[in-house]
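The values are calculated or read from the model by the stated rules, or taken from the named source; none is laboratory data. Source: prediction; values computed, not measured. Cβ placement follows ideal geometry from the backbone for every residue including glycine, while neighbour counts extend to all protein chains displayed. Just so you know, the surface numbers come from the protein's heavy atoms only, side chains and all, with ligands and any DNA or RNA stripped out. Shrake-Rupley method; radii C 1.70, N 1.55, O 1.52, S 1.80 Å.
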Amino acid sequence: MIILVFMQPVAKLAAQDTQILGFVAAEMFYQDETLNFGIGEQDLFITSRLNDNFSFLGETVFKFSPNSPTDFNVSVERIIVSYNYKGNHNILFGKHHTPINYWNDAYHHGRVFFPTIGRPLLFMADFIPIHTTGIAFQGLNLGDLRFGYNLMIGNGLGSTDVEENNKAKSVTALLNIKPWDGWHLGAAAYRDVISAGSVVHGRLIPNKTTQSLFTGTAAYFGQKFELLAESTLALNDVTGSSRTNSYASYVYAGLRLNEKVVPYIRLDNLQYDSGEQFFDNEDTTSIIAGFRYEVNYLIVLKMEYQYTDRDISGSSSLLNTQVAIGF
Amino acid sequence: MRMNCKIIIALIALFVAGCIPAVGQGMQLNIVGNPQSVPAKMDIDQLKTILKGEKLRWDDGVSVKIALMKTNTSIGSYTCERIFNMSTNELNKYFLAQVFQGKVKAPNFFTSKSELEEYVARTPGAIGVSQNTAENDGEIKLIVIDGRKQL
């Protein structure tokens, strides 16, 4: 009887159905005539089914930070409570990957999934808001076209994960279809009003700015070919100045030679309006050529060469190798 | 005498090799479902959609629970090839990616077909892939796919 009483919480825990996964990567790269070794982010990923309607997803990253006394910081990347209210329709609360483009939604911190070693340049340039804390209304795989939607309302740029810094809410709207196996076509829009004096990506925004982002996505991941192309147009309307139009794009293409080996290329381009004040105003082009060796779905090796040409700081080359694992 | 021995050994080797089935060779899969909520028949495209986790609930609102044999079993390996048109590695990668995106709940994987069928029998809304399943007293039902009970 006593044993049965003590067994009960264990049984409840088992019924809760919690899974823990992790992702990590290590790199070795040659740049400026120096060979470097580095460890990447360690990503702890937890999912839990709470009952038939509610589920939880959490993602926490441990990463190098020179300003930390221990050299590492803990970063909460996602905390999502999902409520499946009907069919394939969900309401999501919490901190999300902003559904503004495919890469941000599909890969983010799981480098074992990345088709290349690193993210496209538009991420490094802070071109899109990577996270949004708020509420989302999501539909998945609806009808023959496997239509999907996501309408997200959340704290805007300059706010934090615990409170908003002004009355304006950021709004993200995403529509996509998957008409054939392996295909994904999508379009998304984002709008936010950023208050004067806000700090966004470590940069002080001196004037009130209305930002609108528009993204288009075409992706195909088949058994032979892989293609991922995304382009974002950013319209920044700064009070007292004219509106600026800046663009960020990338195209990835891979050819699967067999189950394990995929040579690939990626082209990135950042094109800023001459009057751009919101981003670092430096036009940049980059080309990557490399190959991926998938030992299995949990161990992926990549080697690539990247040439980057920046308008102001000039050109640079990088030879990089990475081993990414899931565990 | 030595020649006879060689012939006998070769015949035995051929017999033994013939007795070992290649993965998937002659294998017939059954789609099994819990009597509650799971429809009695569907087409192969609907089945693929369901087993890939793209349908979250049945028409009566009960959530879909997927039961598959582990991909390192012969049934699991043949399921990948026959139903998903993927390698075992591709299937594992697919579900890992979908779970990471928060869009699909991972299937329940089993090491024996009796465990899988027991899970399907006691779990409303469960659907799974098994082999040589007998319908038993309403606890589990065989789903007809494109007019056939075997794939």
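For the stretch B:61-122 and the stretch A:116-186, write down the distance between their C-alpha centroids in whole Å. Rounded to whole Å, the Cα centres lie 28 Å apart. Taking A:ALA173, A:ALA196, A:ALA187 in turn, the Gaussian network model of chain A (Cα-Cα springs below 10 Å) assigns the largest fluctuation to A:ALA196. Under 1.5 on a/c is rounded, so check that first for the protein assembly as shown, then, if it is not, pick prolate when a/b is larger than b/c and oblate when it is not; a ≥ b ≥ c are the square roots of the alpha carbon gyration tensor eigenvalues. Prolate shape, in that a/c is at least 1.5 and a/b is the bigger ratio. For peptide A:78-86, the mean count of partner chain Cβ atoms within 10 Å of a residue's Cβ comes to 1. Taking a ≥ b ≥ c as the square roots of the eigenvalues of the Cα gyration tensor of the stretch A:63-219, is the shape rounded (a/c under 1.5), prolate (a/b larger than b/c) or oblate? It comes out prolate by the Cα gyration axes.
The GNM of chain A, with springs linking C-alpha atoms under 10 angstrom apart, assigns the highest mean-square fluctuation among A:ASN67, A:ASN236, A:ASN51 to A:ASN67.
Here the protein assembly as shown exposes an accessible surface that is 60 percent carbon and sulfur, computed with a 1.4 Å probe and the other protein chains kept in place. Surface exposure of the stretch A:221-327, expressed per residue as accessible area with a 1.4 Å probe, stands at 48 Å². For peptide A:54-65, the mean count of partner chain Cβ atoms within 10 Å of a residue's Cβ comes to 1. Looking at the square roots a ≥ b ≥ c of the eigenvalues of the Cα gyration tensor of the stretch B:81-136, which shape do they give, rounded for a/c under 1.5, prolate if a/b is larger than b/c, or oblate? Note, shape of the stretch B:81-136 comes out oblate. For the residues of B:100-109, the average number of beta carbons from a partner chain within 10 Å of their own beta carbon is 6.
Estimated from helices alone, the mean residue ellipticity of the protein assembly as shown at 222 nm is -5000 deg cm²/dmol (sum of -39500 (n - 2.57) over DSSP H runs with n ≥ 4, per residue).
When peptides B:119-131, A:282-294 are sorted by average Cβ neighbour count within 10 Å, with the highest value leading, the order is B:119-131, A:282-294. Short version: which residues of the stretch A:283-297 lose at least 10 Å² of accessible area, all chains versus chain alone, 1.4 Å probe? Relative to the lone chain, where solvent access is computed with a 1.4 Å probe, the stretch A:283-297 loses at least 10 Å² at A:GLU294, A:ASN296, A:TYR297. The protection proxy used here, the mean number of other Cβ atoms lying within 10 Å of each residue, ranks peptides A:92-102, A:29-39 as follows, highest first: A:92-102, A:29-39. Projecting the Cα atoms of B:VAL32, A:PRO120, A:LEU44 onto the dipole axis of the protein assembly as shown, where Lys and Arg carry +1 and Asp and Glu carry -1 at the beta carbon, places B:VAL32 farthest toward the positive end.
Modelled spin labels at A:LEU233 and A:TYR85, positioned 7 Å past Cα toward Cβ, are 3.3 nm from each other. Multiplying the residue separation of A:GLU259 and A:VAL199 by 0.36 nm and subtracting their alpha-carbon distance yields 17.0 nm. Anything over 30 Å Cα to Cα? Flag those among A:LYS86/A:LYS224; B:LYS65/B:LYS93; A:LYS224/B:LYS41; A:LYS260/B:LYS70; A:LYS86/B:LYS52, in the order listed. Distance filter (> 30 Å) returns A:LYS86/A:LYS224; A:LYS224/B:LYS41.
Seen from A:PHE64, the other residues with C-beta closer than 9 Å to its C-beta sum to a net charge of -1, counting Lys and Arg as +1 and Asp and Glu as -1. Within the straight-line cut-off of under 17 Å between alpha carbons, the aspartates and glutamates reachable from B:LYS48 are A:ASP144, A:ASP181, B:ASP59, B:GLU81, B:GLU90, B:ASP146, sequence neighbours fewer than 8 places apart in one chain being disregarded. Take the accessible area of A alone and of B alone, subtract that of the pair with a 1.4 Å probe, and the total buried over both chains is about 2500 Å².
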